[in-house]
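Take a look at the structure set out below.
The values are calculated or read from the model by the stated rules, or taken from the named source; none is laboratory data. Given the structure is predicted, the values throughout are model-derived calculations rather than measurements. Note: ideal-geometry Cβ built from the backbone for every residue, glycine included; neighbour counts use all protein chains shown. For accessibility, only protein heavy atoms count, side chains too; no ligands or nucleic acids. Shrake-Rupley method; radii C 1.70, N 1.55, O 1.52, S 1.80 Å.
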Amino acid sequence: MKTTTATLLFLALASVAVAAGPTPGAVEVRAVRANSPIAIDGVASESAWQSAPAVSGLRQQRPNEGADPTQRTEVRVLYDDQALYVAARMFDAHADSIVRTLARRDYGMRSDVFILFLDPQHDRRSGYFFGLSAAGTLYDGTMQNDIERSSTWDGVWEGRTRVDGEGWTAEFRIPFSQLRFARADVQEWGINFARSMGRGFEEIYLVYTPGNESGFVSRFPVLAGLEKVSPGSAIEIMPYGTSKAEFLQHDALDPFHDGSRLAETVGGDLRMPLGSRLTLNTTVNPDFGQVEVDPAVVNLSDVETFFPEKRPFFVEGNSIFNAGQQGASGYWSFDFPQPTFFYSRRIGRAPAGSLPDAAMFADVPNGTTILGAAKVSGKLGSAANFGTLHAVTARERADLLNGDLTRVDGFEVEPLTYYGVGRVLKEFPERRHGIGVISTLAARSFESRRLEDEFSRSALTTVVDGWHFLDAGKVWALSGWAGGTHVTGSPARIASIQQSSRHYFQRPDAKSYEVDPTATSMSGLGGRLWLNKEKGNWVSNSAIGFLSPGLEMNDLGYLSQADLIGGHIASGYRWTKPTRNVKNHSLVGAMFGSTNFDGDLVSAGAFTEAFWWYTNNWCLDLSGTYNPETVNPRRSRGGPLMLSRPGYSGYLFMDTDGSRVRYYYLNLYGGAQPAGDSWNWGVSPGITWKPASNLQFSLGPDFNRSRDDAYYFATLDDAAATATYGRRYLFTELEQTTLGATLRASVSFTPTMSLQFYGQPLIATGSYRNVKELARPRSLEFVGPGAGAWTYDPATHLFDPDGAGPADAYSRDFSFKSLRGNAVFRWEYRPGSTLFLVWTQERSDVEFNSDFNVGPSFRRLVSADADNIFLAKVTYFLNL
């Protein structure tokens, strides 16, 4: 079950984007100054609450759009000099049926929930949300681009709930110091309320977004009555201390590791306002350890695996750095690899410098030390969003023991590096237009000449993005981005980038580029333009874009490939009025295609998808794709173009009612090229079980089988191979079988105390068979390998790199087993102050065969030696 907070708590927001102002009848919510102190206990018993007018005009957004809610809700708003107070009474004729699911903060589980939305800047585009479940779980986060939500921000505020015979109540205290807004004697904010009823998927709002329209924050009613309040100038300091004990596997002869290591660290974070619209976050000796481990993967492709950011400093408020897809509600990509302009996991990654061949043992830091980091975010004026982040990572060194037993200390493996990113986004009246810019820079200082050939000296990316509504009704939106990159370095470094899997400048049949071994810089351009229909039952989404061969941003961004010109045209229809059996459904179709800069058709296809949400809260999603014959510039890994046969693929997803004690889902997927013998298929069922209101277990296994009848193997120089430009390109047949699973368990003792477990077992096997040589470019025709080349013995499954030569034959088959997991105890012992206790374990095993035997593999995995890490971390929030 996908448990993102935004998905489960704000299901009604999933289809919204930019749109018109508030709906009629919800023009204003009035706040009243409290005449006495307010105790946050979940019961609005103070007399001051009776002086605030009750707001009760919430309407259904789902399942029956615009209808009266099945249960009444009343909301009142107070304030004083320090905070905003909100009290909500959720009447329920069946109070015994209220879903009181208890979970840790921001963890989405189906429950009765009340949400407060605020737009303190009143820019009709951004803001905050604060939520309370009937069990007292806190939810909070930020909103951007009128529709986008992020639960990564954790404010320091108070909330309590109480269940009684009439339903349930919720009380909020939101300190003004947690919000950014302009100083003025009289404030005017945007505000909205939502209530979600866990037992029926009923979502009600003070102002909702119609299912065939778009826009959310831009629709908010006005919050009036706030006078003589300010965000204040409080400085927040959060010192922390950590203690980490590592018990790791090691070689008995390794002089650097004895199997155990203890490390203690202290540091602190600071948050302070810069004026009334900007916030400074800085950190000293930061702890950037992440709580949840990355999943294990077996990546045999030429594309880097993308892992999401999980470190709190980079996660919190990271949406300010989103660029390229602003202003509209839909950004379909199909086969176009949309770049990530700022990929924060580049900062503090493991040292990437090479070690000498003579090194037998090495003591290399697990991650690059972040000496310091700071970011500023907020508003410049009333309509310009601003964010900037700067970080410096240390020069890292390794200690080595060579094979001749000589020791080398202080061997440089990572240069001193500066990382910076800046972002500005300006909006114009009524949000009809917007324009922004993002720029990133990585700059390094070297001591070692060797590292100058392995790292870029500097890397600059600058991108301009924006949007424009073409009509007065804001039905059609034109949006996009355009920008460039410039990388400098030694000739060896630039040549290695040119020949990397993102570029393949060494391709012998390329016409638009070639390797320049003398170049000390590399530049490229890119851009993408979308046309989206924002309102109505008919939907339309089209785009065209390009990535030039020299575009390179992987020092501080993420780009999987360049040299592409692509586009798509898509249209469809969505039925938003419920019928007897279906709440809503949709049907879309699309055509897409891409060429490289030489004009070769490298991808194309037709796509269709249908979706149904049934009245029993089950969902069904079906899609299919057909790909005609194209050419592939990447299959030969820098060699000539090869043929891609026609093929097809399909996908099915279905799930059950997520509010039930047991929730099930099923993924089925597969594809094939009928003219050849390449195929893949997989199945991913899953179950979530909630035996108690505070306890949840989930299991999601995944089984996949695939076969590639032309998997790249090796390249050999041979002047006689004139048909393939003086080189022989060898391929093999690869079959892979993968069985994995994701296991999660969580128990919440109180709204501020929880224990979570995550586990991921993985068994992956690969079987390599045969050796064959590409006969000619633009084909999938092969001949036997020539004299002196690799040979394969089908009886022993052994490969020999020089045929009858002296080199030994060996098997390339593999059976990889991995088990990763961790347990996290989290206790927010006072608002903003938290204790973490974390245990992480990893074990793995490799055999050089392709036998897929689950029982024996699992037994070997369980008996394998494990790496264990224990971590304790405590933070303390100070508001000065």
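For segment 419-535, the ratio of Cα radius of gyration to the globular rule of thumb 2.2 N^0.38 Å stands at 1.44.
So for each of 406-419, 112-125, 760-773, 37-50 I average, over its residues, the number of other beta carbons within 10 Å; can you give me the resulting order with the highest mean first? Mind showing how you got there, number by number?
Values: 406-419: 17.3, 112-125: 23.9, 760-773: 20.2, 37-50: 15.4.
Going by the mean number of other Cβ atoms within 10 Å, highest first, we get 112-125, 760-773, 406-419, 37-50.
To the nearest µm²/s, what D does Stokes-Einstein give for segment 34-110 at 10 °C and 1.306 mPa s, using the Kirkwood radius over alpha carbon pairs as Rh? The diffusion coefficient I find is 106 µm²/s.
Distance between the 7 Å Cα→Cβ label points at Trp618 and His486: 6.0 nm.
Per-atom-type breakdown for the chain gives carbon and sulfur 57% of the accessible area (1.4 Å probe, protein chains only).
For Met591, the accessible area of its heavy atoms, probed at 1.4 Å with every protein chain present, is near 120 square angstrom.
Between the listed residues Ile320, Ser243, Phe307, the Cα displaced farthest toward the positive end of the dipole of the chain, a dipole computed from Cβ unit charges relative to the Cα centre, is found at Ile320. Once the Cβ-Cβ distance of Leu274 and Phe247 is raised to the sixth power relative to R0 = 60 Å, the FRET efficiency obtained is 0.85.
How large is the accessible surface per residue of the chain, computed with a 1.4 Å probe and reported in Å² as a whole number?
Accessible area per residue: 41 Å².
Relative contact order of the chain, taken over Cα pairs closer than 8 Å and 6 or more residues apart, is 9 percent. Each of Tyr79, Leu116, Pro63 was scored by the projection of its Cα onto the charge dipole of segment 47-124, and the greatest displacement toward the positive side belongs to Pro63; charges sit on the C-beta of Lys, Arg, Asp and Glu.
Which angle from 0 to 90°, rounded to the nearest 10, does the C-alpha axis of helix 854-863 make with the longest principal axis of the chain? The two axes meet at around 80 degrees. Note on the chain: Kirkwood radius taken over Cα pairs, Stokes-Einstein applied at 37 °C and 0.692 mPa s, translational D equal to 109 µm² s⁻¹.
What's the local net charge at Glu735, with K and R +1, D and E -1, over the other residues with C-beta under 13 Å away?
Working: positive: Arg705, Arg707, Arg769, Arg812; negative: Asp677, Asp708, Asp709, Glu733, Asp813, Asp851.
Cβ neighbours under 13 Å give a net charge of -2.
Do the alpha carbons of any pairs in Lys310/Lys817; Lys310/Lys583; Lys228/Lys533 sit beyond 32 Å of each other, and which pairs? Please list the in-between numbers first.
Numbers: Lys310/Lys817 25 Å; Lys310/Lys583 35 Å; Lys228/Lys533 42 Å.
Going by Cα-Cα distance, Lys310/Lys583; Lys228/Lys533 fall outside the 32 Å limit.
All other residues with a Cβ under 12 Å from the Cβ of Tyr513 taken together, and with Lys, Arg as +1 and Asp, Glu as -1, what is their net charge?
Local charge sum for Tyr513: -3.
Packing-based ranking of 93-99, 271-277, 529-535, 565-571 yields 529-535, 565-571, 271-277, 93-99, ordered from highest to lowest mean Cβ neighbour count within 10 Å. Figure note: Leu837, Leu300 ranked by solvent-accessible area, largest first, 1.4 Å probe, ligands and nucleic acids not counted: Leu837, Leu300. Normalised by the number of residues in segment 82-161, the average gap of Cα pairs under 8 Å and 6 or more apart makes the relative contact order 22 percent.
Here Lys474 is the anchor, and the aspartates and glutamates within straight C-alpha reach of less than 13 Å, apart from those fewer than 8 places off in the same chain, are Glu213, Glu430, Glu534.
Working ranking of peptides 608-615, 735-742, 349-356, 802-809 by packing, defined as the average number of other Cβ atoms within 10 Å per residue, highest first, is 735-742, 608-615, 349-356, 802-809.
How high is the relative contact order of segment 541-671, given as a whole-number percent (alpha carbon pairs under 8 Å, six or more residues apart)?
15 percent
Every helix of 4 or more DSSP H residues in the chain counts as -39500 (n - 2.57), and over all residues that averages to -1000 deg cm²/dmol at 222 nm. Ignoring aspartates and glutamates fewer than eight residues from Lys511 along the same chain, the ones with Cα atoms less than 14 angstrom from its Cα are Asp563, Asp598, Asp600. Accessible area per residue was computed with a 1.4 Å probe on protein heavy atoms; Val29 scores about 0 Å².
Scaled against 2.2 N^0.38 Å for its residue count N, the alpha carbon radius of gyration of segment 657-747 is 1.82.
Taking Lys and Arg as +1 and Asp and Glu as -1, the other residues whose beta-carbon sits under 12 Å from that of Pro794 total -1.
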